[in-house]
Amino acid sequence: MPSKPAPIKKSPAKKAADKAPEPAPEPAPAPPVEAPPAEAAPVEAPPAEAAPAAPAEDTAAAGPADATATEEGADSTTPTEVPTSAPLDITVEDVNDTSLTIEWKMPETIGDCGLDGYAIEYRKDGTTDWVAAQEQLTPGNRCCIKNLTTGDLLHVRVVAVNAGGRSEPCTLAQPVKIREVGDRPRIRLPRALRSRYVKQVGEQVNVVIPFLGKPKPEVSWLKDGQPLDTKRVNIRNSDKDSILFIRTAEREDSGVYEMTVKVDSFEDKANITLQIVERPGCPTSVKLVDTWGFNAALEWTPPKDNGNTEITGYTIQKADKKTGVWFSVLEHYHRLTATVTDLIMGNSYSFRVFAENKVGISEKAAVTKGVAHIQKTGIVYKPPEYPEHNFSEAPRFTTPLSDRAATVGYTTKLLCSVRGSPKPKIEWLKNQMIIGDDPKFRQISNQGICSLEIRKPCSFDGGVYTCRAKNAQGEAAVSCKLEVKQIVIPESGKGK
């Protein structure tokens, strides 16, 4: 911290204005006749060339005659030098025990002279002397004031400077205390509260919002920019969080709640959009537009009260005048017109429409005043004629007979399967001779499975066996060869 505050530096335009009158009383260095042509040329030059060739400092250093000529040329071409408007929205970006960083926005009006930079000034609370923070103008929109004394309470302002002079100052709204801030305030808004927070009428609202800050931040709440109604909303603050509590939510509690935490000149804000919803009202009106055939056309208008949330659809129901029982025809229907089909001939129908939103359907419905009469017509029902299907099928063996080898004295069985319609007649043949009712053979036919059992065959029972199936559509036959073998006993076994 310097022992003596630095003086406020004047703008280049003011310096030029202060220095310009000084050479006026001095005598001219040479008679105008002896002046070289190069010096006299600017006086006779066109105004368009003389204006940019005569800056303020050169004019102050020239002789009286040259200065007069330069001023006359500048007046005819140079735009009026007007200061800019004041800078906007000065805020504190950072502060510690020895420095203060501020930022601001450009002035709304700059003018033709442009902008040379910004002068940053500050003064201690209780004093009237403003001190320049820097010797040079600041070109940007941010400045760090260094070498400050811890504990001072400073007022800070920013002035825009151009060739027209200094603008009106933009002063920081509150003085800033130069000290180290332990922890800046910061709200940690839960993810579920970053979008619209929806509750139903009558439910309890209990919102907990954590925050950080050291020392303990000051917490304040607003609803739609106005103070909260403490009769409706309760706020409970601790060192780490703030709780917004509504015991029984009402539609009037909907709105944007703004939470602010503040530590000295630093603050953080968060918005919560609370929406209290309920069931919608019924549609304003419903009208029976037309009736034709087995159909009825309806149209209706949206409800006046949507329950504080958008209408998601409609439910259309019908009731027969004979029974008076209501049945849902369409649900979650989005249009304002509908056609009800498949009505019963000879009946009369009434219709009603419910509105729906995310909470549910309306408690009441809009009912049609008119009744849809489905007229009877002289319609003679003629059933379609279907040709009879012919299921007749000639016999066909699906599983043929297989050649077999049997042993003398051991019963064997031959198997095959056949299909056909009507049911075919089965005959067994041995060597092309019908077996008939020979007790040695047992013939079985069940569900298309045909079997021939040969009881204790002898060597003479071998041969070719045939199974033949016949019906009105035709016949089919399969054959196999049966070999009956004699058991041979070794001679060695006979001796024993």
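Scanning segment 264-311 for residues that are of a type in the set (A, V, I, L, M), closer than 30 Å to Gly202 by Cα and open to solvent by 20 Å² or more (accessible area, probe 1.4 Å) gives a single hit, Ile311. Suppose we keep only residues that are in a loop (DSSP other than H, G, I, E, B) and open to solvent by 80 Å² or more (accessible area, probe 1.4 Å) within segment 367-376. Which one would you say is nearest to Asn295 (Cα to Cα)? This residue is Gln375.
Might you check whether a residue that is out of contact with any helix residue (DSSP H, G or I) (no Cβ under 7 Å at 6 or more places or on another chain), modelled with pLDDT of 90 or more and either under 30 Å from Ile276 (Cα atoms) or in a loop (DSSP other than H, G, I, E, B) (or both) occurs anywhere in segment 377-390? Write out each step before concluding.
We begin by selecting, within segment 377-390, every residue out of contact with any helix residue (DSSP H, G or I) (no Cβ under 7 Å at 6 or more places or on another chain); these are 377-390.
Pick out the ones that are also modelled with pLDDT of 90 or more and you get none.
The answer is no, given that none of the residues of segment 377-390 is out of contact with any helix residue (DSSP H, G or I) (no Cβ under 7 Å at 6 or more places or on another chain), modelled with pLDDT of 90 or more and either under 30 Å from Ile276 (Cα atoms) or in a loop (DSSP other than H, G, I, E, B) (or both).
If you go through segment 182-233 and pick out every residue that is at positive phi and in contact with a Ser or Thr (Cβ under 9 Å, 6 or more places away or on another chain), you end up with 1.
Is it the case, given these coordinates, that Ser348 is hydroxyl-bearing (Ser, Thr, Tyr), at pLDDT 90 or above and loosely packed, with under 13 Cβ neighbours inside 10 Å?
On the way: hydroxyl-bearing (Ser, Thr, Tyr): yes; at pLDDT 90 or above: yes; loosely packed, with under 13 Cβ neighbours inside 10 Å: no.
Taking the combined requirement at face value, the residue does not satisfy it.
What do you reckon, is Lys146 over 30 Å from Pro210 (Cα atoms), under 45 Å from the mean Cα position of the chain (by Cα) and either surrounded by fewer than 15 Cβ atoms within 10 Å (Cβ to Cβ) or hydrophobic (A, V, I, L, M, F, W, C) (or both)? No.
Total residues in segment 236-252 satisfying the condition of being under 20 Å from Lys269 (Cβ atoms) and open to solvent by 60 Å² or more (accessible area, probe 1.4 Å): the figure is 4.
Examine segment 325-342 for a residue that is more than 30 Å from Ser421 (Cα to Cα), open to solvent by 30 Å² or more (accessible area, probe 1.4 Å), in contact with a Gly (Cβ under 7 Å, 6 or more places away or on another chain) and at pLDDT below 90, and state whether such a residue exists. Can you show your working first?
Step one: list which residues in segment 325-342 are more than 30 Å from Ser421 (Cα to Cα), which gives 325-342.
With open to solvent by 30 Å² or more (accessible area, probe 1.4 Å) added as a condition, the list becomes 325-337, 339, 341-342.
Keeping just the survivors that are in contact with a Gly (Cβ under 7 Å, 6 or more places away or on another chain) gives 332-334.
Okay, now just the ones that are also at pLDDT below 90, so none.
No, that holds for no residue.
The set of residues from segment 159-198 being touching a strand residue (DSSP E or B) at 6+ places or on another chain (Cβ under 7 Å), in a strand (DSSP E or B) and open to solvent by less than 50 Å² (accessible area, probe 1.4 Å) comprises Val159, Ala160, Val161, Cys170, Val176, Pro185, Ile187, Tyr197.
With respect to the conditions (1) assigned to a strand (DSSP E or B); (2) among the hydroxyl-bearing types (Ser, Thr, Tyr); (3) touching a Lys or Arg at 6+ places or on another chain (Cβ under 9 Å), Thr98 lacks only one, and its number is (1). Could you check, for segment 357-366, whether at least one of its residues is part of a strand (DSSP E or B) and over 30 Å from Ala477 (Cβ atoms)? Within segment 357-366 (the criterion being part of a strand (DSSP E or B) and over 30 Å from Ala477 (Cβ atoms)), the answer is yes, since at least one residue qualifies.
With the condition kept exactly as written, say whether any residue in segment 388-399 is over 30 Å from Lys470 (Cβ atoms), out of contact with any Cys (no Cβ under 9 Å at 6 or more places or on another chain) and among the aromatic types (Phe, Trp, Tyr). Even if it seems obvious, please write down each step before you answer.
Quick first cut of segment 388-399, residues over 30 Å from Lys470 (Cβ atoms) only: none.
Within segment 388-399, none of the residues are over 30 Å from Lys470 (Cβ atoms), out of contact with any Cys (no Cβ under 9 Å at 6 or more places or on another chain) and among the aromatic types (Phe, Trp, Tyr).
Listed conditions (1) farther than 30 Å from Asp320 by Cβ; (2) within 58 Å of the chain's Cα centre (by Cα); (3) open to solvent by 80 Å² or more (accessible area, probe 1.4 Å) are all met by Val359, apart from (3).
Would you confirm whether or not segment 425-432 contains a residue that is farther than 30 Å from Glu310 by Cβ, modelled with pLDDT of 90 or more and of a type in the set (A, V, I, L, M)?
Within segment 425-432, the first condition is being farther than 30 Å from Glu310 by Cβ, and the residues that meet it are 425-432.
Subsequent filtering for residues that are modelled with pLDDT of 90 or more retains 425-432.
Those left that are additionally of a type in the set (A, V, I, L, M): 426, 429.
Yes, there is a match, as at least one residue in segment 425-432 is farther than 30 Å from Glu310 by Cβ, modelled with pLDDT of 90 or more and of a type in the set (A, V, I, L, M).
If you go through segment 319-341 and pick out every residue that is closer than 18 Å to Lys287 by Cβ, of a type outside the set (Phe, Trp, Tyr) and within 29 Å of the chain's Cα centre (by Cα), you end up with 3.
The set of residues from segment 118-155 being within 15 Å of Val176 (Cβ to Cβ), assigned to a strand (DSSP E or B) and in contact with a Pro (Cβ under 8 Å, 6 or more places away or on another chain) comprises Glu121, Val131, Leu153, Leu154, His155. In segment 204-270, counting only strands (runs of 3 or more DSSP E) that sit wholly within it, the ones holding 1 or more residues that are touching a residue at least 24 places away in the same chain (Cβ under 8 Å) and over 27 Å from the mean Cα position of the chain (by Cα) span 205-214, 218-223, 241-246, 255-263.
The values are calculated or read from the model by the stated rules, or taken from the named source; none is laboratory data. Here the structure is a predicted model, which means the values were calculated and not measured. For neighbour counting, all protein chains shown are included, and Cβ atoms are generated from backbone atoms with ideal geometry for every residue, glycine included. Quick note on the areas: whole protein, heavy atoms, side chains included, nothing else; ligands and nucleic acids left out. Shrake-Rupley method; radii C 1.70, N 1.55, O 1.52, S 1.80 Å.
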